[in-house]
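Comments concern the structure below.
Quick note: the coordinates plus some simple rules give every number you see, no bench work behind them. Predicted model, so just to flag it, every value in this text is computed and none were measured. Using ideal geometry, Cβ is built from the backbone for each residue, glycine included, and neighbour counts are taken over all protein chains shown.
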Amino acid sequence: MGNTFVIDLSVLVLAGFVGYAVISKVPNTLHTPLMSGTNAIHGVVVLGGLLLMHVASGWLEHILLVIAVAFGTINVIGGFLVTDRMLEMFKSKDRVGGAESEETAAALEEESK
């Protein structure tokens, strides 16, 4: 058991370092598509947790699965909210009555003359 635990802990720590190194190098323009893909993966994780509840035998397994599904669900919902909020930043905003777009069009016409 001791040898297996050390190997598992080593893999966990190394995966954390690799994940940090990969995510820190992602440019801002790719963040939103990456978040959408991550949300899809977490949706599969939540589904897997729900399916494993049928197979779980002890009360500790059930409690851990409920906690995992709850945290996974919170992560999926939060990820979609953040993604939606980021996409809102890229939408154009017109002022009341479209005055800003009319002024911009008029200014561009004057510059082109």
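Taken over the range 52-67, the criterion of being outside any loop (DSSP other than H, G, I, E, B) and loosely packed, with under 10 Cβ neighbours inside 10 Å is satisfied by Trp59, Leu60.
Taken over the range 9-41, residues that are under 19 Å from Phe80 (Cα atoms), part of a helix (DSSP H, G or I) and β-branched (Val, Ile, Thr) amount to 5.
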